[in-house]
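What follows is a single structure, written as structure tokens, with notes after it.
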Amino acid sequence: MSRLIRELRTSAPSDEIITAEGWVRTKRDSKTVCFIEVNDGSCLKGLQVVADKERFDGELLGSVTTGCSVACSGHLVASQGASQEVELSAETIQVIGKADDTYPLQKKRHTLEYLREIAHLRPRTNTIGAVARVRSTMAYAVHRFFQENGFYYVNTPLITASDCEGAGQMFQVTTLDLDNVPKGENGKVDYSKDFFGKKANLTVSGQLEGETYATALRNIYTFGPTFRAEDSNTKRHLAEFWMIEPEMSFCTLEGDMKIAEDFLKYIFRYTLEHCSEDMNFFSAFVEPGISDTIRHVVDSPFVHMTYTDAIKELEKNKDRFDYKPFWGCDIQTEHERFLSEEICKCPVIVTDYPKEIKSFYMKLNEDGKTVRAMDVLVPRLGEIIGGSEREYRLDILTRRMKDLGLKEEDYWWYLDLRRYGTVPHAGFGLGFERAVQYVTGMQNIRDVIPYPRAVNQAEF
Ligand code: 4AD
Ligand code: MG
């Protein structure tokens with residue numbers, strides 16, 4: 001394998017003949033030489049290749065255009081230019097694949113909206129390339145954190161017959177002929193004829209299955225795709241997103257919040273340390289000072305606040321909101337942002353929400369009204385993590401399910417965890433794209449996943 005441009009750019013000048021491969025970002029001519037910026041995506045900046053016009057055929061140099069792929073050989077010399085230490089003094093240039101002037105990424109700034117229309121080419125831009133590298137590094141940091149802390153990685157199913165969040169935003173999976181659906185005598189669809197013999201959906205969360213492994217291996221985490229038929233066209237919702245869900249046995253809400261905070265700080269710090277060039281780029285061109293902001297988050301404790309106190313703060317400022325806050329209301333994005341941006345000026349963990357607005361599996365508090373839930377809210381985005389201590393008492397859990405109209409027989413295996421050796425346990429879910437959005441400062445979640453899926457958007 002030949003060397004990455006990332007390595008070449010930091011190598012010392014030498015007489016050794018080396019080859020740089022990549023795609024041409026720009027070409028600039030002076031009277032005697034031609035400057036070609038070759039980038040292979042291994043890092044933000046490319047390598048400057050200098051071709052002496054006397055040495056090269058004019059036709060060959062003419063075929064070196066923005067977007068074409070090349071292999072250039074020569075030796076590294078100290079650069080005269082200020083923006084790089086070394087450059088490649090070319091002896092041979094081979095154009096591997098041409099790109100004519102219909103190549104959509106000509107040297108001018110493109111809007112992120114336009115780039116979404118050419119999502120197959122956009123990783124060749126500085127911004128989307130940097131996002132892709134940061135995303136990869138963050139994914140690695142996620143695994144490192146859990147593997148270093150005694151967690152096992154579990155793969156939960158993507159196709160499921162249970163609705164974890166009970167929010168009914170599921171995509172149905174079927175092999176039935178939709179033009180000729182088999183019906184039972186009652187006129188309803190006969191799912192016994194469907195592929196799984198029952199109604200099935202894409203998962204909205206791996207939590208329930210994750211709990212089964214946590215109550216066997218103690219600490220586990222999942223990291224995989226989840227699907228929600230969210231009808232909301234926002235900058236922070238996707239129909240297909242990646243979620244990280246740790247689950248810990250012998251753990252209460254306090255331990256859950258501690259792990260959530262340590263985990264976020266770990267992946268943020270890891271990214272700052274391993275993606276400094278890309279982070280400097282985001283700080284300069286995407287969200288001013290984002291590196292410093294993230295550094296500050298890593299170094300300061302998160303604020304804690306109960307839902308009841310959060311509502312008091314919001315009510316004091318109710319004129320500022322479109323949706324008026326009151327005890328019992330679902331906290332809206334505008335409220336979440338206000339709490340983290342203006343009240344706390346840092347990430348805040350809100351706990352003990354009314355049971356009516358949270359899922360059935362959350363542990364009921366002694367007051368009978370609130371549950372041991374926690375959401376981590378951050379400036380710019382609002383909710384980044386949602387989690388809770390789980391209801392581990394069989395009688396209370398089944399009563400709660402009954403109140404919500406959930407059928408016990410659909411959750412027989414989940415209830416078995418409470419029947420056999422039940423223990424306090426807790427966990428949370430981090431939306432991976434929200435985390436990438438937070439670290440990079442990117443405004444729209446559709447720009448931090450390679451191929452976003454949302455309402456009316458499934459191209460590529
Ligand atoms: O708060 P949520 O719905 O929690 C759960 O799914 C729990 N089962 C987690 C657990 O306790 N194991 O989702 C968790 C996180 C949110 O905080 C948010 O970051 C992200 O998932 N999320 C989305 N991200 C992008 N697009 C969407 N449509 C999202 N919905 C949730
Ligand atoms: Mg949530």
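The values are calculated or read from the model by the stated rules, or taken from the named source; none is laboratory data. Just so we're clear, the structure is a prediction, and the values are computed from it rather than from any experiment. Glycine gets a Cβ as well: all are built from the backbone with ideal geometry, and neighbour counts include every protein chain shown.
Within region 359-372, which residues are of a type outside the set (Ser, Thr, Tyr) and within 9 Å of ligand 1 (Cβ to nearest atom)? Hit for region 359-372 is MET362, nothing else.
Anything in region 84-102 that is surrounded by 15 or more Cβ atoms within 10 Å (Cβ to Cβ), under 11 Å from CYS68 (Cα atoms) and not aliphatic (A, V, I, L, M)? List them, or say none. Even if it seems obvious, please write down each step before you answer.
The initial filter retains those residues of region 84-102 that are surrounded by 15 or more Cβ atoms within 10 Å (Cβ to Cβ), namely 84, 86-90, 93, 95, 99.
Pick out the ones that are also under 11 Å from CYS68 (Cα atoms) and you get 95, 99.
Scanning region 84-102 gives no hits.
Could you check region 106-127 and list, in sequence order, the residues that are under 19 Å from CYS68 (Cα atoms) and in contact with a helix residue (DSSP H, G or I) (Cβ under 6 Å, 6 or more places away or on another chain)? Across region 106-127, the qualifying residues are LEU115, ARG122, PRO123. For region 226-265, the candidate set comprises residues that are in contact with a His (Cβ under 7 Å, 6 or more places away or on another chain) and acidic (Asp, Glu); within that set, the residue that is nearest to ligand 1 (Cβ to nearest atom) is GLU230. With the requirement that a residue be in contact with a Pro (Cβ under 6 Å, 6 or more places away or on another chain) and either away from ligand 2 (no atom under 16 Å from the Cβ) or modelled with pLDDT under 95 (or both), what does region 372-394 give you? Within region 372-394, TYR392 is the sole residue that qualifies. Taking the numbered list (1) out of contact with any Ser or Thr (no Cβ under 6 Å at 6 or more places or on another chain); (2) surrounded by 12 or more Cβ atoms within 10 Å (Cβ to Cβ) in turn, GLY74 passes all entries but (1). I need the full set of residues from region 383-401 which are in contact (Cβ under 8 Å) with a residue 12 or more places away in the chain, more than 9 Å from ligand 1 (Cβ to nearest atom) and either of a type outside the set (A, V, I, L, M) or part of a loop (DSSP other than H, G, I, E, B) (or both), in order please. GLU389, GLU391, TYR392, ARG393, THR398, ARG400, listed by residue number.
If you take the residues of region 413-437 that are more than 9 Å from the chain's Cα centre (by Cα) and among the aromatic types (Phe, Trp, Tyr), which of them is farthest from ligand 1 (Cβ to nearest atom)?
In the first step, residues of region 413-437 are kept if they are more than 9 Å from the chain's Cα centre (by Cα); the result is 413-429.
If we keep only those that are among the aromatic types (Phe, Trp, Tyr) as well, we get 413-414, 420, 428.
Values: TRP413: 17, TYR414: 13, TYR420: 21, PHE428: 5 Å.
So, considering only residues that are more than 9 Å from the chain's Cα centre (by Cα) and among the aromatic types (Phe, Trp, Tyr), the one farthest from ligand 1 (Cβ to nearest atom) is TYR420.
Taking the criterion of being acidic (Asp, Glu) and within 15 Å of ligand 2 (Cβ to nearest atom), would at least one residue in region 232-244 satisfy it? No, region 232-244 contains no residue that is acidic (Asp, Glu) and within 15 Å of ligand 2 (Cβ to nearest atom).
Go through LEU404, LEU397 for me and flag whichever is crowded, with 22+ Cβ neighbours inside 10 Å, more than 16 Å from ligand 2 (Cβ to nearest atom) and either farther than 16 Å from TYR213 by Cα or within 23 Å of the chain's Cα centre (by Cα) (or both). Even if it seems obvious, please write down each step before you answer.
On the way: LEU404 fails: crowded, with 22+ Cβ neighbours inside 10 Å.
Answer to the selection: LEU397.
Output the residue which, of all residues in region 179-206 that are assigned to a loop (DSSP other than H, G, I, E, B) and within 16 Å of ligand 1 (Cβ to nearest atom), is surrounded by the most Cβ atoms within 10 Å (Cβ to Cβ). Walk me through how you get there before you give the answer.
Residues of region 179-206 assigned to a loop (DSSP other than H, G, I, E, B): 179-182, 184-188, 190, 194-199, 203-206.
Among the residues that remain, those that are also within 16 Å of ligand 1 (Cβ to nearest atom) are: 203-206.
Numbers: THR203: 26, VAL204: 24, SER205: 22, GLY206: 28.
My answer is GLY206.
Residue pairs whose Cβ atoms lie under 9 Å apart, separated by 6 or more positions or on different chains, with the first residue in region 67-82 and polar (S, T, N, Q) and the second assigned to a loop (DSSP other than H, G, I, E, B) and surrounded by 15 or more Cβ atoms within 10 Å (Cβ to Cβ), are SER69/ALA99. In region 307-327, the count of residues that are touching a residue at least 60 places away in the same chain (Cβ under 8 Å) and under 17 Å from the mean Cα position of the chain (by Cα) is zero.
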